[in-house]
1. If each DSSP helix of 4+ residues adds -39,500 (n - 2.57) and the sum is divided by the residues in the chain, what number results at 222 nm, nearest 500 deg cm²/dmol?
2. Dividing the Cα convex hull volume of the stretch 64-116 by residue count, how many Å³ per residue is that?
3. If we restrict to alpha carbons, what Rg and Dmax does the stretch 44-147 come to, in Å?
4. For residue 96 and residue 131, what does the FRET efficiency come to when R0 = 45 Å and r is the distance between their Cβ atoms, rounded to the nearest 0.05?
5. Local charge sum around residue 12 (other residues, Cβ-Cβ under 14 Å, Lys/Arg +1, Asp/Glu -1)?
6. Nearest 20 debye, what's the magnitude of the dipole of the chain about its Cα centre given +1 on Lys and Arg Cβ and -1 on Asp and Glu Cβ?
7. Once you have the alpha carbon radius of gyration of the chain, what is it after dividing by 2.2 N^0.38 Å, with N set to its residue count?
8. Please compute the length gained on full extension between residue 52 and residue 170, using 0.36 nm multiplied by the number of residues separating them and subtracting their Cα-Cα distance.
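Since every read-out is calculated from the coordinates, none of them should be taken as a lab result. Owing to the predicted nature of the structure, the values given are computational and were not obtained by experimental measurement. Ideal geometry is used to build each Cβ from the backbone, glycine not excepted, and the neighbour counts take in all protein chains shown.
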Amino acid sequence: KRAVGATAMGNAMEWFDFGIYSYLAVVLGRVFFPGSGDEALIYSLAAFAVAFLVRPFGGLFFGMLGDRVGRRGVLATTIIIMAAATFSIGLIPSYASIGIWAPILLYAARLVQGFSTGGEYSGACTFVTEFAPDRQRGFLASFLEVGTISGFIAGAALVTGLTAVLGDAAMEACGWGGP
């Protein structure tokens, strides 16, 4: 039960970060990309999508690593990597401040997020199914999806609350987390 709770919580944390990005895509588009609103939004959504493209590679890399050195440490590492990448997005200056480096750094951080998420989810699923009794594997593994949805909902709630309190202008100026 502790293994299931820990992996579901780690999964929730990773998807909390994905949820925040997805709900801030419009604001992040205006902050990190040049061009009109629609063009900037497309670039921002592409940065969201790029994280999904590298997930299989993260699953392969961290899956093999987990087989060699143990899943628990690898899972902790993927969560730390995801948190560091998310934190770094909050530190990236806007396009107005550093130009083309803003979207480049954003895409790099999103690649790291996707890579770590791919490793976390596949590792967590394997970890849970290795520890679960035969008759409860499917049920206990389903809590990973509960973690996914819970994290995404928490990210949406945070962005919704901040937007309601700060307003659109403040969200674009500093509410998204930037300097």
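1. Computed mean residue ellipticity for the chain: -28000 deg cm²/dmol.
2. Working: hull volume 3.2 nm³, N = 53.
Looking at the stretch 64-116, the number lands at 60 Å³ per residue.
3. When restricted to Cα atoms, the stretch 44-147 yields Rg and Dmax of 16.1, 57 Å.
4. On the way: r = 50 Å, r/R0 = 1.10.
Once rounded, the FRET efficiency stands at 0.35.
5. On the way: positive: none; negative: 14, 17, 120, 145.
Counting the neighbours of residue 12, the net charge comes to -4.
6. Working: 10 positive and 11 negative charges, 123 e Å.
Approximately 580 debye in magnitude.
7. Ratio of Cα Rg to 2.2 N^0.38 Å: 1.09.
8. On the way: separation 118, 0.36 × 118 = 42.48 nm, distance 2.92 nm.
Answer, rounded to one decimal: 39.6 nm.
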